[in-house]
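Taking it in order: structure first as structure tokens, then the write-up.
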Amino acid sequence: MDSKRFALIVITIVMLALGFTGGYLYTLSKYTLHTLTTTVTETIYKTITSPYPITTEVSSVSIVTKPTNLSTTSISTYTYTITLLFIETMTKTISSSTQIVLRYPSIHLTKIDFNNDGIYDAVVEINPWNMKSAKGDQIMIIDVLKKSIETNISLIDVIPAEWVNGYPEIAIGRKPWYTSYANGFRVSFPMKIRNATPFVISFYICIKDLHPQMNLNIAADAWIVREAIAKSPGTAPSNGDLEIMVWLFNQNLNPAGNKVGEITIPIALNESIVNAQWEVWRMDSVSWGGWQYIAFKPKGWRHICGYVAYNPIDFVKAAAKFATFDISNHYLLGWEIGTEWGARTSNGVARLSWILKDFEVIPGASIQKQ
């Protein structure tokens, strides 16, 4: 066995849990979360075989102990300590094999296991669901180690040129049309609304390039469906089901339906938690499927680049107040983050580039304004 190409990595991660057993301590700079009630110790022993070329070797044993944050910004997510014991330490040059490239239409969807534990954490999809044809490229580059996604769309002659032609995204749980769940982040989908427990979703997103005339939002999408739909994977939603969206930014695009109210829901934006104001839009029955649609659109603010964190259950509870039917016995299937784009006002042209990184989901945590 060539010792230059193998390393035994023993990682001991000790996390403090918030809320209930199995949760994590999720702390944000200037943020207040749930009260600490339990402690969870998780030890992982893993042998990694390195396929990468070695650029530097250290023959002596090296032990490194340091507090680590998920990101280099002022948003600190997990508070924990990592101890790395390298029996034979090496510096590796990471090659392109850590990346997955989606290119429509040849490969347009993939399941991701970020921590290589055999359980899928998320699904990444180019998803031009409302486009029949176009000339150009739609590419998504996923870096599994960095938990990042780069999306690049450059198209002309988009047919039909609609308000929404596609929704490149990352999703946890499942969409109604999927046949299996991606539950690797330990959020138990499907989740009955009556018994819904909080979780925080956190990520960095930034629009790098955008055609000024095209239609776009940055938005989450989620499905709250009847029990029969939740327990029959692959079954499409219809009358009696609910789609909700949480918008962060929009250009030349508004939600479907009409504004029916306003609400305040806290959200973390970069360094601070804000009691954000939201417009609530609703369409009672969408023409393309029959389900009800509710969207939360920022009122007086927008977020086009930076860190975001929020508790999706806050929006689920708010949607229950505005839905025209009782959803307490419905089920939340998952949570999706992406950008709806369209070429309706750009004469069939779409040019868009964005990056999403540091994607995390923390069960048992919530966000509250101090």
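Each reported figure results from applying straightforward, stated rules to the coordinates on display, with no laboratory input. Just so it is clear, the model here is predicted, and its values are computed rather than measured. Cβ coordinates were reconstructed from backbone atoms using ideal geometry, including for glycine residues, and neighbour counts include every protein chain displayed.
For the reader, a short list of remarks on this structure follows.
- Distance violations [Cα-Cα > 30 Å] among Lys192/Lys297; Lys231/Lys299; Lys147/Lys297; Lys297/Lys357; Lys231/Lys259; Lys146/Lys299: Lys231/Lys299; Lys231/Lys259; Lys146/Lys299
- Region 113-245 shape via C-alpha gyration tensor axes, a/c threshold 1.5: oblate
- Spin-label model, Ile119/Asn254: points 7 Å from Cα along the beta carbon direction are separated by 4.3 nm.
- Largest first and in whole Å, the equivalent-ellipsoid semi-axes of region 304-370 read 29, 20, 11, each the square root of five times a Cα gyration tensor eigenvalue.
- One quarter of the surface of the convex hull around the alpha-carbon atoms of region 97-363 equals 13.2 nm², the direction-averaged projected area.
- Gain upon complete extension [Trp288, Asp157; 0.36 nm per residue less C-alpha separation]: 44.8 nm
- Largest-first ellipsoid semi-axes for region 178-306, taking √(5λ) over the Cα gyration tensor eigenvalues, angstrom: 26, 20, 16
- Subtracting the Cα-Cα distance of Asn347 and Ser272 from their residue separation scaled by 0.36 nm leaves 23.1 nm.
- Using the Cβ-Cβ distance between Lys317 and Val101 with R0 set to 41 Å, the FRET efficiency works out to roughly 0.60.
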